[in-house]
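K.L.:
Have a look at this one.
Throughout, read-outs are computed from the coordinates displayed, never taken from laboratory work. Fair warning: this is a prediction, and the values are worked out from it, not measured in the lab. Cβ placement follows ideal geometry from the backbone for every residue including glycine, while neighbour counts extend to all protein chains displayed.
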Amino acid sequence: MAGLAVNVDHIATLREARKINYPDPVTAAALVELAGAEGVVVHLREDRRHIKDRDVKILRQTVKTKLILEMAATPEMLGIALEVKPDLVTLVPEKRKELTTEGGLNLSLNMDIISEGVETLKSAHIPVSLFVDPDAEQIRIAHKINADMVEIHTGGFCDADTPQKRTKAFLNIVNAAKLAKKLKLGVNAGHGLCYNTIKAFKGIQEIDEYSIGHSIISRAVLVGLDKAVREMLALVKEL
Ligand code: PXP
C-alpha cells in the first residue's frame, strides 16, 4: 500500500501573505500527522518565500512520522540539512522566478553538483531522493550516483491537455517507476496531483509514496470555510 506525505508549504504561503505568525506550518504538520499521513514535506527555498529556517528547525523537533526536506543542492542548503538532519532530503532544481518547481533535475547536465550533494548528505546518514522527470536516463544516473530514491515528477501527466498526451505521460511515469524499482531505488511521485489525477495510480505497485501539497491545502481552505464563517458569525451576532 502506498504512503502519503503532505507538503505544507502553502500554509506558510498564507502566513507570508501577511508576514505574521499564523497559520503556522508547524501546527498544520501536527494535523497532517493526526489525519494519518506518513510524512510531512517542506521546501526551504533560497528566497524563503514560504517556509523559513525557523519552521524547519521546529518541525524537526515536532514531526513524529517523517520530515522530508525539499531543497536545492547548494552549499547553504546542504549546511542546513546537515544541521537539521531530516529523515529524507529530496533534491530539486530551483529557479528564483518560478512559481513552483518546474521540472525534474537534469542529472546529465548537473551530475557533479548533484552527486557531491548526495555524497555529502549520505555521509551524514541522511537518505537522499532525487526529483526527476519520468525519463530512463535520469533514473539510471540517479542510481549511478548512489541516490536512495527518486521522486518521479507527475506534473506532465497532471497538466496534459489531451487524452493522448495524458496516456503517454502516464505510461512514462509507470515505466520510469518500474525501471527505478528494478534498480532497487525507492520510488516516490508527486507534483500537481489532485483528488482526480491520483485515481489513475490505482494498482501501480512500484510507487512507494505520493508527495502532495497544493490540492490538499486548497481543499482544506474550502472544506473548512463553512465552519470558520459560522464561528465568526456567532461572535459578530453576540456583539
Ligand atoms: N514534489 C516536489 C519535488 C515538489 O517540488 C512539490 C511542490 O512543492 C510537490 C511534490 C508537491 O506538489 P503539489 O503542491 O503540486 O502537490
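K.L.:
Please list, in chain and number order, the residues 5+ apart from LEU88 or on another chain whose amide H is under 5 Å from its amide H, with Hs placed from the backbone.
P.N.:
Those lying under 5 Å, H to H, from LEU88 are LEU67, LEU69.
K.L.:
Let me ask another. Give the aspartates and glutamates whose C-alpha is closer than 14 Å to that of LYS181, dropping any in the same chain fewer than 8 places away, or say none.
P.N.:
Partners found: ASP135, ASP148, GLU151, GLU206, ASP208, GLU209.
K.L.:
Here is a further query. Within the range 55-142, how many Lys pairs that are eight or more residues apart, or on different chains, come under 23 Å at the alpha-carbon? Provide the component values of the computation, followed by the final result.
P.N.:
Numbers: LYS57/LYS66; LYS57/LYS85; LYS57/LYS122; LYS64/LYS85; LYS64/LYS122; LYS66/LYS85; LYS66/LYS122; LYS85/LYS122.
Lysine pairs meeting the criterion: 8.
K.L.:
With +1 on each Lys and Arg Cβ and -1 on each Asp and Glu Cβ, how big is the dipole of the chain about its Cα centre, in debye rounded to the nearest 20?
P.N.:
On the way: 32 positive and 32 negative charges, 97 e Å.
Rounded to the nearest 20 debye, it is 460 debye.
K.L.:
Residue by residue through the range 70-79, which ³J(HN,Hα) values in whole Hz follow from phi under the Karplus form 6.51 cos²θ - 1.76 cosθ + 1.60 (θ = phi - 60°), with glycine and proline marked x?
P.N.:
8, 6, 7, 7, 9, x, 4, 5, 4, x
K.L.:
Using θ = phi - 60° and the Karplus curve 6.51 cos²θ - 1.76 cosθ + 1.60, what whole-Hz ³J(HN,Hα) does each residue of the range 117-123 get, with Gly and Pro shown as x?
P.N.:
Karplus values, whole Hz, x for Gly and Pro: x, 4, 5, 4, 5, 5, 6.
K.L.:
So, one more: Of the options GLY156, VAL223, LEU67, report the single residue whose Cα projects farthest towards the positive end of the charge dipole of the chain (beta-carbon charges: Lys, Arg +1; Asp, Glu -1).
P.N.:
Going by the Cα projections, it comes out as VAL223.
K.L.:
Report, in debye and to the nearest 20, how large the dipole of the range 157-238 comes out about its Cα centre when Lys and Arg carry +1 and Asp and Glu carry -1 on their Cβ. Provide the component values of the computation, followed by the final result.
P.N.:
Working: 13 positive and 8 negative charges, 85 e Å.
Rounded to the nearest 20 debye, it is 400 debye.
K.L.:
Can I ask one more? From the backbone phi of the range 10-18, what are the Karplus-calculated ³J(HN,Hα) couplings (6.51 cos²θ - 1.76 cosθ + 1.60, θ = phi - 60°) in whole Hz, Gly and Pro given as x?
P.N.:
Karplus-based 3J(HN,Hα) across the range 10-18 equals 7, 5, 5, 4, 5, 4, 5, 4, 10 Hz.
K.L.:
Now, a different point. What percent antiparallel are the DSSP beta bridges of the range 1-111, to the nearest 5? Before the final figure, lay out the partial values.
P.N.:
Values: 0 of 11 bridges.
If I count the DSSP bridges inside the range 1-111, around 0 percent turn out antiparallel.
K.L.:
On to the next question. Sequence neighbours fewer than 8 away in the same chain don't count; with that in mind, list the lysines whose C-alpha is under 16 Å from LYS168.
P.N.:
LYS178
K.L.:
Same structure again: Which of the lysines could a cross-linker bridge to LYS19, judged by Cα under 16 Å and excluding same-chain residues fewer than eight apart?
P.N.:
Hits, sequence-local ones excluded: LYS52.
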